[in-house]
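For reference, the structure is listed below as structure tokens.
The values are calculated or read from the model by the stated rules, or taken from the named source; none is laboratory data. Predicted model only: the values in this text are computed from it and were never measured. Every residue, glycine among them, receives a Cβ derived from its backbone with ideal geometry; neighbour counts consider all protein chains shown. These accessible areas exclude ligands, DNA and RNA; they are computed on the full protein's heavy atoms, side chains included. Shrake-Rupley method; radii C 1.70, N 1.55, O 1.52, S 1.80 Å.
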Amino acid sequence: MMGPAHSLSGAMAWLGVGLVAAAADHPMPWPVLLAGTLICAGAALAPDLDQKGATISRAFGPPSRWLAGLIDKLSVTVYNATRGRRDRRRTGGHRTLTHTWVWALLIGAGFSAAAVLFGRWAVLIILFIHMVLAVEGLLWRMARMSSDVLVWLLGATSAWILAAVLDEPGNGSTWLFAEPYLWLGIPIVLGAMVHNLGDALTISGVPVLWPLTIKGRRWYPIGTPSFMRFKAGAWVENKVLMPVFMVVGAASGIGALVLAA
């Protein structure tokens, strides 16, 4: 799928988690629901960091393009070093390492560890990165018409405000865990996995189950039945899936807030 659909699906997923958490009598404080929605929307773009032309690879200027090139090389190296007997050698890393459950888990755990170990500044950086990505994904038309600097300023301002709100007692810095901000990795893992599920709907599929060997392939592309797949950016994505993501997300968010009240 394309960036806007990925971000919308990420936002919908976290709002759905909020509804489930509220129904299970462990509601999210509204700042956690809001921050998690935006983080998950941003994280749902992250697996495409293995592609220089992707939204995330352009979002932070030259540093993110350089990082995208590095991730692409890492992905190719890991792919060729671990490929099964029926996996063909590759020269490009798109839809390999960063589109697996292993990568999602490692990235989420890494961000959580950084938030716990390094405190407020790490939290601000994590929020800033994902706020910028959320703007790029959810407000993509406006982001493309604006300068990168304006998007960064909006991301930085949003991160600063959210961190200040979350720091207030009872507003969610210790939601789910006693350790402040340990929960930040959860929407990041969820966003990455929702991205993978979205790409599994497209023609190529994704090797999300790596390193599990399936039919002689460690990088077996998981996907829906072939007749249900579509090209990224096709009408079904824009005219069907994105409206569904918005409606389900909105209904889940309202339900989470009502149950938590």
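Just a few scattered comments:
- Residue check, Gly69 surrounded by fewer than 24 Cβ atoms within 10 Å (Cβ to Cβ) and on the phi > 0 side of the Ramachandran plot: no
- Matching residues in region 128-181 - criterion: being within 23 Å of Ala13 (Cβ to Cβ), hydroxyl-bearing (Ser, Thr, Tyr) and surrounded by fewer than 19 Cβ atoms within 10 Å (Cβ to Cβ): Thr174
- Unmet criterion (only one of (1) in a helix (DSSP H, G or I); (2) open to solvent by 70 Å² or more (accessible area, probe 1.4 Å)) for Asn196: (2)
- For region 129-182, a residue qualifies if it is in contact (Cβ under 8 Å) with a residue 12 or more places away in the chain and among the small types (Gly, Ala, Ser), and the qualifying residues are Ala134, Gly137, Gly155, Ala156, Ser158, Ala159, Ala163, Gly170, Gly172.
- Test for Leu212: is it part of a loop (DSSP other than H, G, I, E, B) and open to solvent by 60 Å² or more (accessible area, probe 1.4 Å): yes
- The residues of region 157-190 that are touching a helix residue (DSSP H, G or I) at 6+ places or on another chain (Cβ under 8 Å), of a type in the set (S, T, N, Q) and more than 14 Å from Trp30 (Cα to Cα) amount to a single one, Ser158.
- Restricting attention to region 155-205, the residues being modelled with pLDDT of 90 or more, more than 19 Å from the chain's Cα centre (by Cα) and not small (Gly, Ala, Ser) number 12.
- Look at region 39-67: where a residue is over 18 Å from Val149 (Cα atoms) and a partner is buried (at least 21 other Cβ atoms within 10 Å of the Cβ) and among the charged types (D, E, K, R), sitting 6+ places away or on another chain with Cβ atoms under 8 Å, you get Leu45/Glu136; Pro47/Asp199; Asp50/Asp72; Asp50/Arg95; Gln51/Asp72; Lys52/Asp72; Ala54/Asp48.
- For Thr98: the one exception among (1) part of a loop (DSSP other than H, G, I, E, B); (2) surrounded by 21 or more Cβ atoms within 10 Å (Cβ to Cβ); (3) of a type in the set (Ser, Thr, Tyr): (1)
- Among residues that are over 27 Å from Leu124 (Cα atoms) and either in a helix (DSSP H, G or I) or open to solvent by 30 Å² or more (accessible area, probe 1.4 Å) (or both), Leu184 is not included.
- Just one of the listed residues (Ala81, Ala22, Ala5, Ala11) is in contact with a helix residue (DSSP H, G or I) (Cβ under 7 Å, 6 or more places away or on another chain), over 20 Å from Met131 (Cα atoms) and either touching a residue at least 60 places away in the same chain (Cβ under 8 Å) or in a helix (DSSP H, G or I) (or both), and it is Ala22.
- Taken across region 9-16, residues that are in contact with a His (Cβ under 9 Å, 6 or more places away or on another chain) and buried (at least 24 other Cβ atoms within 10 Å of the Cβ) do occur, with at least one present.
- Note on region 25-37: among residues that are open to solvent by 30 Å² or more (accessible area, probe 1.4 Å) and assigned to a helix (DSSP H, G or I), the one that is nearest to Leu190 (Cα to Cα) is Leu34.
- For region 38-66, a tally of residues being in a helix (DSSP H, G or I) and open to solvent by 20 Å² or more (accessible area, probe 1.4 Å) returns 10.
- Failed item, numbered, when Gly223 is tested on (1) under 23 Å from Arg95 (Cβ atoms); (2) touching a residue at least 24 places away in the same chain (Cβ under 8 Å); (3) open to solvent by 30 Å² or more (accessible area, probe 1.4 Å): (2)
- The sole residue among Val165, Val135 that is touching a Gly at 6+ places or on another chain (Cβ under 8 Å) and either among the hydrophobic types (A, V, I, L, M, F, W, C) or at positive phi (or both) is Val135.
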